[in-house]
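What follows is a set of notes on a single structure, which appears directly below.
The values are calculated or read from the model by the stated rules, or taken from the named source; none is laboratory data. Predicted model, so just to flag it, every value in this text is computed and none were measured. Here the Cβ positions follow ideal geometry from the backbone for every residue, glycine too, while neighbour counts run over all protein chains shown. Quick note on the areas: whole protein, heavy atoms, side chains included, nothing else; ligands and nucleic acids left out. Shrake-Rupley method; radii C 1.70, N 1.55, O 1.52, S 1.80 Å.
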Amino acid sequence: MQCYSFIKTMMIFFNFLIFLCGVTLLAVGIWVSVDGSSFLKIFGPLSSSAMQFVNVGYFLIAAGAVLFALGFLGCYGAHTENKCALMMFFFILLIIFIAEVAAAVVALVYTSMAEHLLTLLVVPTIKKDYGSQKDFTQVWNTTMEGLKCCGFNNYTDFEDSPYLKENHVFPPYCCFDNVNGTTTEPCTEEKAENMTVQGCFHQLLYDIRTNAVTVGGVAAGIGGLELAAMIVSIYLYCNLK
């Protein structure tokens, strides 16, 4: 009985923390959606190229809503000993866990397919919005500066973009010299072709593979916590009268 009470208390405590994280992510997501420029001014240096592939605001709102629901169900189910809430908590976590495993398998096995699909989505957006949409341009500039990369694939992604049409040159990051760590301006098509700066997608993959142990450890840790939470919820469910 003491073990049951301890596990119940821990279930309430940790799910309360998850609930607070959900509220925080919801608040940040709404902030990004409403005022993305101020968010980028504060956190711009910490951004990554992953910010190009998703709408950050909506992503944070969705993640916050899921954590909010999980935290609420976990706390409510454990505190009131409600079997329905505990079972819902278990199934939501199970769906998330399966989705994460499936996403990891797809990312590992079908990297080239993912690159092709992302190219079809991202490159046309660059050609359409880079240089005309302030927030979009700022996020890409921060990413290219941080990762020392150019576009999604390479400098050709900026052909026919508003930036090229207005300035008649490519972004300076496409003419970055890795030897002396400087950019050559103006960045003409000839210079960009000779520099052969790597695209941000390939640079991101390289960084992930370089830090594979850390990425794998974090993923394993998250998976372990999710499995532990599912086991605890089932334990409480089975021991309720």
With a ≥ b ≥ c taken as the square roots of the eigenvalues of the C-alpha gyration tensor of the range 182-241, please select rounded if a/c is under 1.5 and otherwise prolate if a/b is larger than b/c or oblate if it is not? prolate
R0 of 35 Å, Cβ-Cβ distance Ile92-Arg209: FRET efficiency to nearest 0.05: 0.65
What distance in nm lies between label points placed 7 Å from Cα along the C-beta direction at Ala69 and Glu166? 4.1
Report the Cα centroid-to-centroid distance between the range 227-241 and the range 177-222 in angstrom, as an integer. 45
Sort 129-142, 222-235, 66-79 by packing, meaning the average of other beta carbons within 10 Å per residue, with the highest value first. 66-79, 129-142, 222-235
What is the range 134-241's relative contact order, in percent, from Cα pairs under 8 angstrom and six or more apart in sequence? 25
I'd like to check one number: the per residue accessible area of the range 65-162, probe 1.4 Å, reported in Å² as a whole number. 53
How many nm is it between the label spots at His79 and Ile30, if each spot is 7 Å from the Cα in line with the beta carbon? 2.1
